[in-house]
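Participant: Have a look at this one.
The values are calculated or read from the model by the stated rules, or taken from the named source; none is laboratory data. Since the structure is predicted, the reported quantities are computational estimates derived from the model, not experimental observations. Please note: Cβ atoms are built from the backbone with ideal geometry, for glycine as well, and neighbour counts cover all protein chains shown. Just so you know, the surface numbers come from the protein's heavy atoms only, side chains and all, with ligands and any DNA or RNA stripped out. Shrake-Rupley method; radii C 1.70, N 1.55, O 1.52, S 1.80 Å.
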Amino acid sequence: MGRPQRSEWARHWQYEGLPGLDLLRARYVRHTFRQHSHEGFTLGAVSGGVEEVVMPDGVISAGPGTVVMINPEVPHAAHAGVPEGWTYSTLYPSVDLVSAIADEVSGVRGTPGFGVTIVADPRAAELIRGVHQAAEAGNALAADTLLRVTVARLLEQYGGRLASRSPGDSGARTAARAQALLAERMADPPSLEALARELDTSPFALLRAFKAAYGMPPHTWLTNARVRHARRLLEAGSTPADAALAVGFTDQPHLNRHFTRIVGVPPGAYRKERASRAPHAPRKNVQDGRIAPLITSPCARTDSSPTDIPGHDRPPFGT
């Protein structure tokens, strides 16, 4: 038997015909997603291999025919569950987009959400891949239709109302104040001890309260927040080097490392996709679309690094 294919590729992008949605299609082998969360929803469909997703209540294994649904701000991580990695298509709809669809198709009041994290639903998985196919073909009518059908199906079968999060006890209020201070001082944050002193508590009490409120320690939350802000800066036209310094990373390689571990592609590839989809940019022929090899830094290159993917070849769906 030959060695399993080790190449990795990924494309994280937006389609102008689907506002309020990010799309990621990728094949990962050695890549791992560090603990992070999203402002919107995550709807992923694996088409090959196995993805292991680390959720607050345990690890789930997602294979072909399953759909993973993660609600906003739920911390999670992910890695390959088998040596050959996993291939998947993921939709990242905003809270406003999902809420608008829920208003039309259900009686859910408040912010909608999903009551389960993983389901065996080959039809829903096929619909998620269909959104990608239509978007990559430039078919706005089909992409928008399939997106709404997909979200409506998942909401009707697995959805409900998200419980509101209100800082009721003193620990939750302290955590909220700590979060606000870290966001305000993102580029030059205090130490845990200094932050605790400013909030009139102890470091371990603050650490416990923060993890209880946000599912991750303050330094992990700060890295996630920095990457989110860097994304917005890149979308506005900043260079990765400028974005790195603006959010508090020491240099561009520092941003590259954390950005790729959370978003799934390097910041340069992310910025390039956004620039190519800007309203003033000329529309690209969909046949010329590229899926970038996943290379986080020059030192990450090995014999099995994905440098042999032809630039004009888009890996077919279902691989």
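Participant: Hey, what did segment 1-156 get for relative contact order, percent, Cα under 8 Å, at least 6 apart?
Facilitator: On the way: 337 pairs, mean separation 39.7, N = 156.
In percent, rounded to a whole number, it is 25.
Participant: Can I ask one more? Return the FRET efficiency for the residue pair Glu184, Val116: r is the Cβ-Cβ distance, R0 is 25 Å, and the value is rounded to the nearest 0.05.
Facilitator: 0.10
Participant: Calculate the FRET efficiency for Phe204 and Leu141 from the Cβ-Cβ distance with a Förster distance of 35 Å, rounded to the nearest 0.05.
Facilitator: Efficiency for this residue pair is about 0.05.
Participant: To the nearest 20 debye, what is the magnitude of the charge dipole of segment 1-135 about its Cα centre, counting +1 on the Cβ of each Lys and Arg and -1 on the Cβ of each Asp and Glu?
Facilitator: Charge dipole of segment 1-135: 560 debye, to the nearest 20.
Participant: Still on this model: When the accessible area of segment 128-204 is computed with all protein chains present and a 1.4 Å probe, what percentage of it is carbon and sulfur?
Facilitator: Here carbon and sulfur together make up 50 percent of the probe-accessible area.
Participant: Provide the gained length on full extension for the span Glu193 to Arg232, in nm with one decimal, where the gain is 0.36 nm per separating residue minus the Cα-Cα distance.
Facilitator: Once the chain is fully extended between Glu193 and Arg232, it gains 11.0 nm.
Participant: Which one, Thr150, Ile128, Val105, projects farthest toward the positive side of the charge dipole computed for segment 105-154 from Cβ point charges (K/R +1, D/E -1)?
Facilitator: Going by the Cα projections, it comes out as Val105.
Participant: Between Arg30 and Lys272, how high is the FRET efficiency from 1/(1 + (r/R0)^6) when r is the Cβ-Cβ distance and R₀ = 25 Å? Nearest 0.05.
Facilitator: Calculated transfer efficiency: 0.65.
Participant: Compare the Cα positions of His76, Ala26, Gly65 along the charge dipole of segment 1-92 (+1 at Cβ of Lys, Arg; -1 at Cβ of Asp, Glu; about the Cα centre) and return the one farthest towards the positive end.
Facilitator: Ala26
Participant: In addition: Once the other residues with Cβ under 13 Å from the Cβ of Glu198 are scored (Lys, Arg +1; Asp, Glu -1), what is the net sum?
Facilitator: 0
Participant: How many Å² of accessible area per residue for segment 107-153, probe 1.4 Å?
Facilitator: I get 44 Å² per residue for this part.
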